[in-house]
Amino acid sequence: MKKLLLLTDASDPAVAQAVDSLEGWVLRKVPSDQLVGAIPAAAEDDLKAVLVCSTDPSTLRHVVENAHGAGIPVVVGCADDVARRRAVELGAEEWYRCPAVSEEIAQRIRGATGRRAPGAAALGERVENVEYEQMLNDSLTGLPTLPVMIERSRALFKERGELVVLYLNFVRYSKVEEIYGWEKLDAVLETTATAVREFLDDTSLSTSRLMVSFTNDDDFIFFHVPAAGVEAASENDITDMVARLQRHVGGRIEAQHGEDIAALFDIYVGSAHVYYSPKIRLERLIYRGIREAANAARSIEERERARRVSDLRTSLRERAVYIEYHPIVVTETKEIFGYEALARGVMRSLRSPEVMFDVAGAADLVWELSRLCRARAIEGIDQRLQGDELLFLNVDPHDFDDPTFDQHEVRSPERVVIEITERTAIKDYPRFRERLQRFRDMGFRFAVDDAGSGYAGLGSIANLEPDFIKLDISLINGIDTNFIKQNLVSTMVKFANDHGAKVIAEGVERAEEFDAVKALGVHLVQGFFLHRPSKLPLVPATPAAGVTAQSA
Amino acid sequence: MAQQKPSILVVDDNQDNAEIIRQYLESKGYLISVAHNGDEALRLFETVKPALVLLDVMMPGRDGWEVCRIMRQHPALGRGVRIVMVTALDDWQDKREALQTGADDYVEKPFDLPTLVGTVERNLAMQHAKAS
């Protein structure tokens, strides 16, 4: 390997040590008065940097000018402040104060060579190159991206004449980001990619040539080129593989990220067979195959969606929704303060409330579903809550338009906190506030849910005059290591204290996160670190609960 | 070779500011590299592999947000590095934006140097705690 050359007049042994510590570098030492003259010859020998320690101003100037003329960066070892100023004025790439330890000198040499670009054009190229390299492999999953895949499969595809494209659409990953923030999504994607790779190592298809590409957040593409003498995977093989893949990935996500996130997870897979034709450009064939497979995946998704709508109608008819109660505790004492009611579908396909409301939204059944969930939750106040524990009830602002939703639905409104999410845009504030006031007059209290999720800040929260402010999960996730999150939460706590409200941190999963929110003065905490949501046992009946529903 | 002093990359298009920060942090024993624009910052990022980047937001060309996003995506260095934005941001929206780009902390402009060092220190301490 050709050595990278450092030309210097320094007699300081630390310089020699520094060069020794740099991989692939060698030192060429000349006296100060010969330094300028030595540059052209050294430039022939892969000169990468000049380090000059001369205190003579004109030597310094000549060295810098000549080196720069040859496109070589300069490091100046400065004996004093005057020399330092001179180095900066002359535009030397780096300087250090003599004496310096070898590590610092090495760092300066690295810095100077990194900084000095041979020309403006090459500089731009270099940055583009970084980006191009990043494009080749997805930085999160380490899987090759599509252009790389096409190159790699070109020869194989030609030789075998046949290629199966599988398009895996991972739905609702955007929801993970929306609710939990991008750090969580990144973690989930990583788990997914690992799980997919594990699965592939283990699948019957591994005997054939199988390659994976990751096109964007939600989608994987598999290229399956059957090995010589082996049949291409049949429809049945593919269906079977997908079912197993879904179980495997779902299981891994649940193990690492919990049930709530796993419940959001779904894969829809479409496949397409592509046959090689010498007349058609190979890229075009492959892209066509991908499109066909993507369409197939989409139509499966639509079929599945239709099935879920019918599941939802059945659930509404049979009141097949149950409530899990997620404790909210006082930060200082960890005593239970209340419970958030989380509605879940009895049917497996509707287990996740997010999914359930998604389906309802698409089928215009939101009010019906909200009514059922609300009724179920309210039953719990008397049947399942103790003493003066509060019930936190999720209510969509649109529900306030539902004529059947009124303040008389509940027997003991003082035990209910209505959570309104900041995510839904409220259009008519005055009317909305008027409506809220009627509930407030009855004794209901209000919480703003997902507070701080948007860019809006505190203004919109102040507008609702909440009793509780529930911080968005994305602010809590990793708060122990992120000072910006800590700053935002502390702003929120201060705001709440000024307005007589209490702040709730939800999504607290680790002891470090708990300690961080506690230190910031957050009043109440909810999260897996303390409790998981559960069906609470029935409390021995107090007569005449006032709600006419029967328990399922 | 074990590197004892943490290395910091200072990115600021204002040369005077950059020099002042550099001298002050060097006097505190840190190894400082300076870049004057986003492209230079990205190149230095790979060569000096800093433990922490002090990143000015307002720069011509690639601004600090963009540089921050690209650094975070770096396959080898993106995870471990602490990124501190140097900015006049003081409202909710800017901080939210900073979170979205993957920044760990910020220093409000104008800042005094002891505050800057305090911020640098707490981030390096956090990095240390995370690594062990």
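The values are calculated or read from the model by the stated rules, or taken from the named source; none is laboratory data. Because the structure is predicted, anything quoted here is derived from the model rather than measured. In this analysis, Cβ positions are derived from the backbone assuming ideal geometry, glycine residues included, and neighbour counts consider all displayed protein chains. The area values use the complete protein model at the heavy-atom level, side chains included, leaving out ligands, DNA and RNA. Shrake-Rupley method; radii C 1.70, N 1.55, O 1.52, S 1.80 Å.
What the table shows:
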{"quantity": "Residue among A:V508, A:V489 that is open to solvent by less than 10 Å² (accessible area, probe 1.4 Å), more than 14 Å from chain B (Cβ to nearest Cβ) and touching a helix residue (DSSP H, G or I) at 6+ places or on another chain (Cβ under 8 Å)", "calculated": "A:V508"}
{"quantity": "Answer from A:A297, A:A343, A:A375 - the residue that is in a helix (DSSP H, G or I), under 27 Å from A:L436 (Cα atoms) and among the aliphatic types (A, V, I, L, M)", "calculated": "A:A375"}
{"quantity": "The stretch B:27-72: number of residues that are within 11 Å of another protein chain (Cβ to nearest Cβ), hydrophobic (A, V, I, L, M, F, W, C) and touching a strand residue (DSSP E or B) at 6+ places or on another chain (Cβ under 8 Å)", "calculated": "10"}
{"quantity": "Candidate set: the stretch A:151-180, residues that are within 30 Å of A:E506 (Cβ to Cβ) and open to solvent by less than 10 Å² (accessible area, probe 1.4 Å); chosen: the one nearest to the other protein chains (Cβ to nearest Cβ)", "calculated": "A:V176"}
{"quantity": "All positions within the stretch A:297-314 that are among the small types (G, A, S), under 30 Å from the mean Cα position of the chain (by Cα) and open to solvent by 30 Å² or more (accessible area, probe 1.4 Å)", "calculated": "A:S299, A:A306"}
{"quantity": "The stretch A:452-486 - residue that is among the aliphatic types (A, V, I, L, M) and within 11 Å of chain B (Cβ to nearest Cβ) and, of those, farthest from A:V395 (Cα to Cα)", "calculated": "A:I484"}
{"quantity": "Any pair with Cβ under 8 angstrom, 6 or more apart, that starts in the stretch A:285-309 at a residue that is free of Cβ contacts under 8 Å to residues at least 60 places away in the same chain and ends at one that is open to solvent by 60 Å² or more (accessible area, probe 1.4 Å) and assigned to a helix (DSSP H, G or I)", "calculated": "A:R305/A:A362; A:V309/A:A362"}
{"quantity": "Search result, residues across the stretch B:73-130 that are over 21 Å from A:G452 (Cβ atoms), within 9 Å of chain A (Cβ to nearest Cβ) and open to solvent by 70 Å² or more (accessible area, probe 1.4 Å)", "calculated": "B:Q73, B:P75, B:R122, B:K130"}
{"quantity": "Tally of residues being at pLDDT below 85 and part of a helix (DSSP H, G or I) across the stretch B:72-95", "calculated": "3"}
{"quantity": "Any helices (runs of 4 or more DSSP H) falling wholly within the stretch A:63-147 and containing at least 2 residues that are out of contact with any His (no Cβ under 9 Å at 6 or more places or on another chain), modelled with pLDDT under 60 and more than 9 Å from every other protein chain (Cβ to nearest Cβ)", "calculated": "A:120-136"}
{"quantity": "A:S352 touching a residue at least 60 places away in the same chain (Cβ under 8 Å) and not aliphatic (A, V, I, L, M)", "calculated": "yes"}
{"quantity": "Pairs where the first residue, in the stretch A:318-343, is of a type in the set (S, T, N, Q) and the second is crowded, with 22+ Cβ neighbours inside 10 Å, C-beta under 6 Å, 6+ apart", "calculated": "A:T331/A:V522; A:T331/A:V525"}
{"quantity": "Number of positions in the stretch A:511-520 that are more than 14 Å from every other protein chain (Cβ to nearest Cβ) and under 21 Å from A:Y339 (Cβ atoms)", "calculated": "3"}
